[in-house]
Amino acid sequence: MGAVTDDEVIRKRLLIDGDGAGDDRRINLLVKSFIKWCNSGSQEEGYSQYQRMLSTLSQCEFSMGKTLLVYDMNLREMENYEKIYKEIECSIAGAHEKIAECKKQILQAKRIRKNRQEYDALAKVIQHHPDRHETLKELESLGKELEHLSHIKESVEDKLELRRKQFHVLLSTIHELQQTLENDEKLSEVEETQESTMETEPKP
């Protein structure tokens, strides 16, 4: 397993702490503490209310800082998604180029096969010529060349099959990434709806 990044640690802590819910309650508590502090009858009671206000302010500042961290992480994740998307686009373009090259090689292999058939037909004709010794040498040479071309054809077909598999993997990766982006967008919409609902609720 790879090392855990700082962003992942912060994200886990934020998920444990919550998403900033309760800010309205803290603000109401701060207002009440301020009113009590203004109406405090003794110095001890005033000091106690003062300490409560400081504690509530610290909680509000922490919540605001946490929200800013979440916003910053979301921006960085969007930039990372855009980078990955561009890399995938480049990979797809490269795969298309390789597939086009493999198609050219297949056409060349087909021409080689056709030539081989013509060589076989020509060899049958040459066998009827008087100079049999030279003809056999030529046939042997042609046989080696045809064997070499046959190996080239097999290699080209293997490369094409490999490119097809790689292209299939790329398409699967794109589909998974698109699904992840759609899920992230849906989650963001749900969070925004919840925040809007909390803001419109009447304060106690």
Out of all the residues in segment 58-99, which are under 25 Å from Lys165 (Cβ atoms) and among the β-branched types (Val, Ile, Thr)?
-> Ile84, Ile88, Ile92, Ile99
Qualifying positions in segment 13-39 - at pLDDT 70 or above and not in a helix (DSSP H, G or I) = Asn39
Selected residue [in a helix (DSSP H, G or I), open to solvent by less than 90 Å² (accessible area, probe 1.4 Å) and of a type in the set (Asp, Glu)] from Glu134, Glu97, Glu82 = Glu134
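Among the residues of segment 144-168, which ones are open to solvent by less than 90 Å² (accessible area, probe 1.4 Å) and free of Cβ contacts under 8 Å to residues at least 60 places away in the same chain?
Quick first cut of segment 144-168, residues open to solvent by less than 90 Å² (accessible area, probe 1.4 Å) only: 145-146, 149-150, 152-153, 155-157, 160-163, 166-167.
Across segment 144-168, the qualifying residues are Glu145, Leu146, Leu149, Ser150, Ile152, Lys153, Ser155, Val156, Glu157, Glu161, Leu162.
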Ser141 versus (1) among the hydroxyl-bearing types (Ser, Thr, Tyr); (2) within 30 Å of Glu192 (Cα to Cα); (3) exposed (fewer than 14 other Cβ atoms within 10 Å of the Cβ): which is the lone unmet condition?
-> (2)
Neighbours by Cβ (under 8 Å, 6+ apart or cross-chain): first from segment 169-187, farther than 16 Å from Glu77 by Cα and modelled with pLDDT of 85 or more; second polar (S, T, N, Q) and not in a helix (DSSP H, G or I) | none
Residue count, segment 51-95 (criterion: touching a residue at least 24 places away in the same chain (Cβ under 8 Å), under 29 Å from Ser155 (Cβ atoms) and not β-branched (Val, Ile, Thr)) = 2
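The values are calculated or read from the model by the stated rules, or taken from the named source; none is laboratory data. Everything quoted here is computed from the prediction, not taken from an experiment. No Cβ is skipped: glycine too gets one built from the backbone with ideal geometry, and neighbour counts run over all protein chains shown. With ligands, DNA and RNA removed, areas are computed over all heavy atoms of the protein, side chains included. Shrake-Rupley method; radii C 1.70, N 1.55, O 1.52, S 1.80 Å.
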